[in-house]
Amino acid sequence: MAAQTRVTVLGAGVAGLTTAVELAERGADVTVLERGARVGERACSWSAGGMLAPWCERESAEEAVIAGGEVALDWWPAHVDGVVRQGTLVVAPARDSAELARFARRTSRFETLDGDGVAALEPDLAGRFRSGLFFPDEAHLDPRAALAGLEARLAALGGRIRFGVEADADGAEGDAVVDCRGFAAREAFPDLRGVRGEMLVVRTRDIAFQRPVRLLHPRIPFYVVPRADGLFMLGATMIESAERRGPVVRSVVDLLNAAYALHPAFGEAEIVETRADVRPAFPDNLPRVETRGRVTYVNGLYRHGFLLSPACARAAADAVLGPKEMSHEADRERRRA
Amino acid sequence: MELYGVEIDSRLLLGTAQYPSPAILADAVRASGAGILTVSLRRESGRLREGQDFWGLIAGLNVKVLPNTAGCHSVKEAVTTAQMAREVFGTNWLKLEVIGDADTLQPDVFGLVEAARILTEDGFEVFPYTTEDLVVAERLIEAGCKVLMPWGAPIGTGMGLNNVYGLRSLRAHFPDVPLVVDAGIGKPSHAAAAMELGYDAVLLNTAVAKAGDPVAMAGAFKLAVEAGRTAYLADPIEPRDMAAPSTPVFGRASLA
């Protein structure tokens, strides 16, 4: 049997775990080094919405999100349980109907709904919105459950995660290193910046949504992602700042006002969690997979961690294991042996 | 165009918020030829200087930066934000916004005059975001402002010039003060109309940032501002009620 390529992955966020699983499935011996004490403790993907919504995201993102997003829509259901493919519903208050028209002009693969159509999809929104857009091919998942699923999958493939380890790419062992540390790897990328995001999790039994709902608003773009046990993730702010302190009052007020505008029952919901973190982003807000010597960097996933990490993981695995991108003669020899 | 002793080549001022990405912002700035960029300071960013990555991208565009106090609702908040902005951006220039009404984002002109006086005494060169009110404009100039920036319409509405009469009066009353229409510009024709009124410049953000193709729209605004300015200098004709043929009647064949 051929000797396995030993790969060290830095970071157990969504970029690190998707890459680790992809590598392990292709036969690599994978060790993940994570500074936190457990998966998610210090990863910005713990705060993610978990929307696999490439056509909606195209409203403000480059065309590349669609191809990457289509990869994600196949990759996630093949690797974790709990991917719900019920689409995305986009609505706007009557006063902001121009925002809905604008959103429709910038996007594709949607159906236009009237008030009855909105109510048929989400009965709790009956009578509240006269029009909406439905993106039937989109999906969502619970990011925390998905990361746990990847952790289990990696273990089943013989890979391992070492927690509480601060490591950089130069000092890491292995034939190859994949650096997925996000904003912590900023010394490797002078043009990487932080984009702060704030979110809440609330609980209510008075509302049941089948799918993420986006409420368009000229000042506060807002979405709600339903999760198990009556939980709803409310997100998320986009602030050009790398500051990590907890959510500020203004952001929380804006998000809760938007939730209340979507459905008044959110006014009685219990606030379960508030959280803020920093997304790593490049100037074009698109991710990069870049190999320098034995180190491959995956970074800049911005607000598209779950949407674009599978495509990045594939590219990183190609870079590490694929014959064309092989940078180490020794690895090539070993695999031929 | 000279603003606070600084010669500025372009009569277009561009805001830097709401673009799809910093890369598109940079391309739009280049396409617009803007001479000044406004940048708002989030106070949480300013304190820890953690927003420096974004400022670094803007500084790299080599365009003069005009920090603003966007979103401030009181004199104290605006003054504090202004002082942080001076520290972060290293300039005395300041676009002063003191918002009085949350729905319309209408300036609180009383707070504006007070903050302008405090900041001018503190060495700032203030660009006040104001209404077209003549008396407020007088008070701002008394407070030390050497540029005035009246609104065209409420921020982000894209409605254009809501009160052409008021803007024309302001121009007539202050022939020697640089006047910039700030806010409400939605289309290049609005910018051209402001320039045709004799305004020295226009400041806009949303109209470019939220356009389907921000870079192309930035180029369209560049052309419109140039067209409007050129038209103003060319002394446009006055409208009149009586039709007048552009082809002379004299010498035409008589069939009678």
- Query: For A:ALA167, all conditions in the list (1) within 14 Å of chain B (Cβ to nearest Cβ); (2) out of contact with any Pro (no Cβ under 8 Å at 6 or more places or on another chain) hold save one; what is the number of the exception?
  - Reply: (1)
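The rows are residues; the columns are (1) more than 20 Å from A:ALA146 (Cβ to Cβ); (2) at pLDDT 95 or above; (3) part of a helix (DSSP H, G or I); (4) touching a strand residue (DSSP E or B) at 6+ places or on another chain (Cβ under 9 Å).
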residue: A:PHE266; (1), (2), (3), (4): yes, yes, yes, yes
residue: A:VAL278; (1), (2), (3), (4): yes, no, no, yes
residue: A:PRO283; (1), (2), (3), (4): yes, no, no, yes
residue: A:GLU290; (1), (2), (3), (4): yes, yes, no, yes
residue: A:SER309; (1), (2), (3), (4): no, yes, yes, yes
- Message: Need pairs with beta-carbon distance below 7 Å; first residue more than 13 Å from every other protein chain (Cβ to nearest Cβ) and part of a loop (DSSP other than H, G, I, E, B) and within the range A:226-252, second aliphatic (A, V, I, L, M) and open to solvent by less than 40 Å² (accessible area, probe 1.4 Å); sequence gap 6+ or separate chains.
- Response: A:ARG227/A:MET233; A:ALA236/A:MET199
- Query: Among the residues of the range A:59-72, how many are buried (at least 19 other Cβ atoms within 10 Å of the Cβ) and within 15 Å of the chain's Cα centre (by Cα)?
  - Reply: 6
- In the range A:48-72, what count of residues is obtained for those that are aliphatic (A, V, I, L, M), outside any helix (DSSP H, G or I) and within 14 Å of chain B (Cβ to nearest Cβ)? 1
- Identify the single condition in (1) surrounded by 15 or more Cβ atoms within 10 Å (Cβ to Cβ); (2) at pLDDT below 95; (3) away from every other protein chain (no Cβ under 14 Å) that A:ARG102 does not satisfy, given that it satisfies every other one. (3)
- Checking A:GLY300 against (1) open to solvent by 40 Å² or more (accessible area, probe 1.4 Å); (2) in contact with a Phe, Trp or Tyr (Cβ under 7 Å, 6 or more places away or on another chain), the condition it does not meet: (1)
- Could you look through the range B:223-239, keep only residues that are in contact with a helix residue (DSSP H, G or I) (Cβ under 9 Å, 6 or more places away or on another chain) and surrounded by fewer than 20 Cβ atoms within 10 Å (Cβ to Cβ), and pick out the one that is nearest to B:TYR199 (Cα to Cα)? B:TYR232
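Would you mention how many residues in the range A:167-176 are in contact with a helix residue (DSSP H, G or I) (Cβ under 9 Å, 6 or more places away or on another chain) and either modelled with pLDDT of 90 or more or within 17 Å of A:LEU17 (Cβ to Cβ) (or both)? Can you show your working first?
Of the residues in the range A:167-176, the ones in contact with a helix residue (DSSP H, G or I) (Cβ under 9 Å, 6 or more places away or on another chain) are A:168-169, A:175-176.
Still in the running and either modelled with pLDDT of 90 or more or within 17 Å of A:LEU17 (Cβ to Cβ) (or both): A:175-176.
Residues meeting the conditions: 2.
What helices (runs of 4 or more DSSP H) lie completely within the range B:1-113 and have 1 or more residues being open to solvent by less than 30 Å² (accessible area, probe 1.4 Å) and at the interface with chain A (Cβ under 10 Å from one of its Cβ atoms)? I'd like the intermediate steps shown before the answer.
On the way: elements: B:22-32, B:43-48, B:52-59, B:75-89.
Ranges flagged: B:22-32, B:43-48, B:52-59.
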- Note on the structure: Only one of A:SER45, A:SER97 is polar (S, T, N, Q), open to solvent by 50 Å² or more (accessible area, probe 1.4 Å) and not in a loop (DSSP other than H, G, I, E, B), namely A:SER97
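The values are calculated or read from the model by the stated rules, or taken from the named source; none is laboratory data. Quick caveat: nothing in here was measured; it's all calculated off a predicted structure. Backbone-built Cβ (ideal geometry, glycine too); neighbour counts: all protein chains shown. Ligands, DNA and RNA are stripped out before the accessible areas are found, and what is left, the full protein with its side chains, is counted by its heavy atoms. Shrake-Rupley method; radii C 1.70, N 1.55, O 1.52, S 1.80 Å.
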